[in-house]
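The block underneath contains the structure these notes are about, expressed in structure tokens.
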Amino acid sequence: LRDSGFKLDWVTNTSDKNLRLGTIQGDSFYAIDQEDFLNRFDLTSGRWIWSAPVGNKVFDIHSISEVEHQNAVYVLSDSVIYVVQQNTGNRPTQDKTTGHTPPYQMKLNRLATSPAIYVDNSLVYGSSNGDTVWFAADIGFAEHQYKTGDVIYVNPTIVHGELDEEGRRKTAIISASSDGHVVAVDNGSVRKLWETKLLNSVEAPVTSIKARTADGNTRTLVLIAGTDQYLRAIDLETGYPTWKVLTQAPLTDSPTPLGNAVYQRIPNVGLAKFKADTSSIAGEQIWLKPEIKGNVITTNRKGHLIVWDDKSRQLQIIDPMLGGVVSTIELPQFNSLVTESNEEGTLYAITDEQYIVCLSPRR
């Protein structure tokens, strides 16, 4: 680990089996075990805090969302949202002010097929009938839905635009469906801002980046990796394509924006780096390295890229300028790896032996 810029911070041994869906929320690390119990661990020490039953071992569990100001953790499954108290893991109790007791289970009238994101007191998720749904978790029903396309399997993305002359900022929820529809909807009015139809499905959440324009201003680009082999950058304000690159394979991973660059894993080809603010409609590739197999997940304190390949269970440290491999670390026991930040992030892994391991950046 010394060459990687990381150090072993803590290791927690759990008695749970088949931990999955490792999720970082606030100061906690959450995971679901094989009995569909939600487990909460302290992010700083790895200490186990509580375990709570959610799910029924039949429905798929898609996501975990902690809302600290509501003292609630929402667990989204196919047809039900489960609610437990964030501080204790117990079921919700009566609010002394209002006399209202929040429900432990909230049934969905739109079957969930994607993870949810928490935006302005709503859990926003994709459904089996192609709707993007805004579910008001504090009151227990869907406020809005917007037809996107066919089934939505990837979580929606929130993208913030630039301030306009009146000081307003466009905030969009962007969803991508299995039939290639990508729709941007204004989060406040739930009206369509723009839509684009790809040649094939989108299997990874869209991302975004702030890029400079020729006149020195900044614009927000929505980055879409499609199984039609194109990496696209679309202007959030107009919905018009800024650039797009035809790659050598269907893209199944999200683009990673860092600085003025976009990194994209191309399956069985390698990792590519593209210039974000290029003026070329065909895009501008800076390098393509076949020896780099994984996804860029964060950076270390030296600015090196941290690349994780979940198939080979290999961590690579990459020089971003030329794409050279600084070091390679084999981590054969790590079956999943997440980080809380795409720059100088701490790494949290679940191992085959059901340990949780924290690797923190060296100072």
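The values are calculated or read from the model by the stated rules, or taken from the named source; none is laboratory data. Note that the structure is predicted; figures quoted are calculated from it, not measured. Virtual Cβ from ideal backbone geometry, glycine too; neighbours counted across all protein chains shown. For the accessible areas, the whole protein counts, side chains as well, though only heavy atoms, and no ligand, DNA or RNA atoms are used. Shrake-Rupley method; radii C 1.70, N 1.55, O 1.52, S 1.80 Å.
Would you work out what percent of the accessible area of region 294-359, with all protein chains in place, is carbon or sulfur (probe 1.4 Å)? Whole-percent figure for carbon plus sulfur exposure: 49.
Can you tell me the equivalent ellipsoid semi-axes for the chain? Use √(5λ) from the Cα gyration tensor, largest first, whole Å. Write out the running numbers ahead of the final one.
On the way: eigenvalues 209, 159, 65 Å².
Equivalent-ellipsoid dimensions as semi-axes: 32, 28, 18 Å.
Computed with a 1.4 Å probe over protein heavy atoms only, the accessible surface of region 141-221 comes to 51 Å² per residue.
Cα centroids of region 167-194 and region 79-97: how far apart, whole angstrom? Cα centroid of region 167-194 versus Cα centroid of region 79-97: 31 Å apart.
Given a 1.4 Å probe and the protein chains as shown, I158 ends up with an accessible area of around 60 Å².
Hey, if we sort F6, F59 by accessible area with the 1.4 Å probe, largest down, what's the order?
Values: F6 0, F59 70 Å².
The ordering from most to least exposed comes out as F59, F6.
Distance between the C-alpha centres of region 207-277 and region 305-363: 23 Å, rounded to the whole angstrom. Each Lys or Arg adds one and each Asp or Glu subtracts one; over the other residues with Cβ under 10 Å from the Cβ of G270, this totals +2. Counting heavy atoms of the protein chains alone, E162 has an accessible area of about 50 Å² for a 1.4 Å probe. Accessible area per residue was computed with a 1.4 Å probe on protein heavy atoms; L111 scores about 80 Å².
What's the carbon and sulfur percent of region 205-257's accessible surface, probe 1.4 angstrom, rounded to a whole number?
Details: 1050 of 2100 Å².
Carbon and sulfur together cover 50 percent of it.
How many percent of the accessible area of region 86-125 is carbon or sulfur, using a 1.4 Å probe?
45 percent
Divide, for region 234-273, the radius of gyration over alpha carbons by 2.2 N^0.38 Å, where N is the residue count. Mind dumping the intermediate values first?
Values: Rg = 11.5 Å, N = 40, 2.2 N^0.38 = 8.9 Å.
In units of the globular-protein estimate, region 234-273 measures up at 1.29.
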